[in-house]
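Since the structure comes first, as C-alpha cells, the remarks are kept for the end.
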Amino acid sequence: MSKHIKVDDLPEFDAAQYLDNDAAIAAYLTDILEANDAGLLAAALGDIARARGMTEIAKSAGITREALYKALRPDSEPRFDTVNRVCAALGVRLVAQAIHA
C-alpha cells in the first residue's frame, strides 16, 4: 500500500538554510538574476539576509529591519538604491556580463 502525500502537507522550502557560504550565495543570485524578475530578486535577497541575520544586514544597509522585510517581500519591486545597499551589506555586488560571450 502506497502512502499519498498532499502538497499542502509538505514543509515550505526555505533557501536560507542552504546559503551558508559566499559561493552558494553567488550561485543563487546568478540563477535568480537570469529569471529577470524584480520580485524574485527581492525574495532572494531576503533569503540571503535571513541567512546572514536580518537585523545585522538592515543595520549595515542603513535601513530599519521592518523596512528591509517590506522591501524584500516576494511581491515587492524594490528601488535600485535599496537593492544596491542590501547587496553591499551582504558583501555581494551585481555584475554585468555580455550576453554573447
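Go through (1) modelled with pLDDT under 90; (2) touching a helix residue (DSSP H, G or I) at 6+ places or on another chain (Cβ under 8 Å) one by one and return the number of the condition Ser60 breaks.
Among (1) modelled with pLDDT under 90; (2) touching a helix residue (DSSP H, G or I) at 6+ places or on another chain (Cβ under 8 Å), the lone unmet condition for Ser60 is (1).
What are the residues in segment 90-101 that are assigned to a loop (DSSP other than H, G, I, E, B) and touching a residue at least 24 places away in the same chain (Cβ under 8 Å), if any?
Gly91, Val92, Leu94
Quick one: how many residues across segment 72-89 are not charged (D, E, K, R) and not in a helix (DSSP H, G or I)?
Qualifying residue count for the region: 4.
For segment 1-33, name all the residues that are in a helix (DSSP H, G or I), closer than 27 Å to Ala96 by Cβ and not small (Gly, Ala, Ser).
Within segment 1-33, Tyr18, Asp22, Ile25, Tyr28, Leu29, Thr30, Asp31, Ile32, Leu33 qualify.
Checking the conditions here, which among Asn36, Asn21 is among the polar types (S, T, N, Q) and more than 20 Å from Glu77 (Cβ to Cβ)?
Asn21
Scan segment 27-43 and report the pairs whose first residue is more than 14 Å from Leu94 (Cβ to Cβ) and whose second residue is surrounded by 12 or more Cβ atoms within 10 Å (Cβ to Cβ) and small (Gly, Ala, Ser), with Cβ atoms within less than 7 Å and a gap of 6+ or a chain change.
Gly39/Ser76
Looking at segment 1-26, which of its residues are hydroxyl-bearing (Ser, Thr, Tyr) and within 13 Å of the chain's Cα centre (by Cα)?
Correct list: Tyr18 only.
Taking segment 42-63, which residues are surrounded by 13 or more Cβ atoms within 10 Å (Cβ to Cβ) and not in a helix (DSSP H, G or I)?
Ile63 - this is the single residue of segment 42-63 that is surrounded by 13 or more Cβ atoms within 10 Å (Cβ to Cβ) and not in a helix (DSSP H, G or I).
The values are calculated or read from the model by the stated rules, or taken from the named source; none is laboratory data. The structure presented is a predicted model; accordingly, all values stated were derived computationally and were not measured. Heads up, the Cβs are rebuilt from the backbone with ideal geometry, glycines too, and the neighbour counts pull from every protein chain shown.
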